[in-house]
Amino acid sequence: MTRGRIFTAIGVVILLGVGLSVLMAARGPGDKAADNAANNASGLKLVVIGEVVTDDGYVGLYPENFPQPSRVTAVLVKEGAIVKKGQPLLEFDIEMMKLKVEEAENGIATARFEQIKAEAGVREHAWKVNAADRRWKAKQAELQEYQSELKQAERAFEIGGGNKLTLEAAQKKVQAAELNLEAAKIELEGLRADSPTYNVEQAKANLKYLEGKKAQAVQARDQCSCKAPADGRIIRSFVTEPFIFQPFTKEPAFWFLKDGPLMVRAEVTQEFARRVTVGKLAKIKDEADAHAPEWNGRVTKIGDQFLPKRHGGNSPLDFMPVSDDRVLECQISIDVGPGEAGPKYGQKVRITLE
């Protein structure tokens, strides 16, 4: 065999090896799925992939006043911390908000004084009306007296027992008394028509307005906070001091996981969905670690409809497109014995349904 033929044979062997490797690699996921489907179709155990979750999943926590700007002055919890409902997680710079509350309180104090002053004015006005009414009645009596004197002067003048000067003086007294009576009447009617009760109503309205301003200031101050919405755990922290939350801030302060039993959420393709029933036994094992412990469980809930597959996870940062395949979701309980380490939230697991 010549040297050229030897090299040609070696080249052919290499090409055949490469081609075989490519074919084996190309066969990987699709053929494994086909093998699984063939096994499932032949009545063997059904194997699906799932994720360890809770009923609520984790949520991102932002300040209560978000997207209003707020500056963090202290981070009160660390990643992994167990927290109780209502527990403060962050402290913020609220000095300006405190000043707004104090300003509103000072305005309310002034408005209350103005209301007291207006109510005192109403009482004083009532006294003035009472006094004017008495003056008017006194002027009525005075006019009647002067009118009586005038009649006596007129009779005396008629019979020659009086003089003209006395008569004229009596007439002037009556005229003056009539004018005084008219003035007293005008004063009384003016006081009655101009009751200062509107000052009280205005003071009350102003007080109500300022109380509303205080409520807004207090709400703005109290909402500048970040508290645990329930008992649970901080599974991820994104905030440090002195971080400023802005309207364009994307990441939350924390990822929070509410307390609750762990379960597995699995997706079954339409082809094998009829083989999944509530109560069916399940074996649960870490999807990536062949030497991990195995847990028992049961199918506890099956979805009522076929839906598109979920994202690769429930991370807010996961923006991969959703598969167009339709799957049936089911929930599987996890039985963990006393002192036994169970799976962790978010862990990918392989479920074998008996």
Can you tell me how many residues within segment 66-83 are in contact with an Asp or Glu (Cβ under 9 Å, 6 or more places away or on another chain) and either in a loop (DSSP other than H, G, I, E, B) or not aliphatic (A, V, I, L, M) (or both)?
4
Please list, ordered by first then second residue, the pairs with beta carbon atoms under 9 Å, 6 or more apart or interchain, first in segment 289-311 and free of Cβ contacts under 8 Å to residues at least 24 places away in the same chain and assigned by TED's automatic domain parsing to the domain that holds Pro338, second hydroxyl-bearing (Ser, Thr, Tyr) and assigned to a loop (DSSP other than H, G, I, E, B).
Pro308/Ser323
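So, in segment 239-282, of the ones that are over 37 Å from the mean Cα position of the chain (by Cα) and exposed (fewer than 11 other Cβ atoms within 10 Å of the Cβ), which residue ends up nearest to Ile82 (Cα to Cα)? Quick ask: steps written out before the conclusion?
Our first condition is that a residue be over 37 Å from the mean Cα position of the chain (by Cα); within segment 239-282, this holds for 268-282.
Of the ones still in play, those that are also exposed (fewer than 11 other Cβ atoms within 10 Å of the Cβ) are 271, 274, 277, 279.
Working: Glu271: 42, Arg274: 41, Thr277: 36, Gly279: 33 Å.
Residue satisfying both the conditions and the ranking: Gly279.
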Across segment 216-238, which residue is farthest from Glu103 (Cα to Cα) among those that are of a type in the set (D, E, K, R) and surrounded by 18 or more Cβ atoms within 10 Å (Cβ to Cβ)?
Arg233
Can you name the condition, by its number, that Glu168 falls short on among (1) over 30 Å from Val122 (Cβ atoms); (2) in contact with a helix residue (DSSP H, G or I) (Cβ under 6 Å, 6 or more places away or on another chain)?
(2)
Out of all the residues in segment 143-178, which are surrounded by 13 or more Cβ atoms within 10 Å (Cβ to Cβ) and not in a helix (DSSP H, G or I)?
Gly162
Are any of the residues in segment 133-142 under 60 Å from the mean Cα position of the chain (by Cα), assigned by TED's automatic domain parsing to the domain that holds Ala203 and in a helix (DSSP H, G or I)?
yes
Hey, Val101 closer than 30 Å to Ser225 by Cβ, among the β-branched types (Val, Ile, Thr) and not in a helix (DSSP H, G or I) or not:
no
Would you be able to tell me the number of residues in segment 71-92 that are surrounded by 15 or more Cβ atoms within 10 Å (Cβ to Cβ) and in contact with a Ser or Thr (Cβ under 9 Å, 6 or more places away or on another chain)?
8
Would you please list the contacts, defined by Cβ atoms under 6 Å and residues six or more apart or on different chains, that run from a residue in segment 232-246 that is within 17 Å of Phe66 (Cα to Cα) and assigned by TED's automatic domain parsing to the domain that holds Tyr345 to a residue that is of a type outside the set (Lys, Arg) and crowded, with 19+ Cβ neighbours inside 10 Å?
none
Ala230 meets each of (1) in contact with a Lys or Arg (Cβ under 7 Å, 6 or more places away or on another chain); (2) in a helix (DSSP H, G or I) with one exception, condition (2)
Exactly one of these conditions fails for Gly86: (1) assigned to a helix (DSSP H, G or I); (2) at positive phi. Give me its number.
(1)
One residue from Leu191, Leu181 being over 43 Å from the mean Cα position of the chain (by Cα), crowded, with 19+ Cβ neighbours inside 10 Å, modelled with pLDDT under 95 and not assigned by TED's automatic domain parsing to the domain that holds Gly303:
Leu181
Say we look at segment 331-351 and pick out the residues that are in a loop (DSSP other than H, G, I, E, B) and free of Cβ contacts under 8 Å to residues at least 60 places away in the same chain; which of these is surrounded by the most Cβ atoms within 10 Å (Cβ to Cβ)?
Val336
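The values are calculated or read from the model by the stated rules, or taken from the named source; none is laboratory data. As the structure is a prediction and not an experimental result, all values here were calculated from the model. Here the Cβ is made from the backbone with ideal geometry for all residues, glycine too, and neighbour counts use every protein chain on show.
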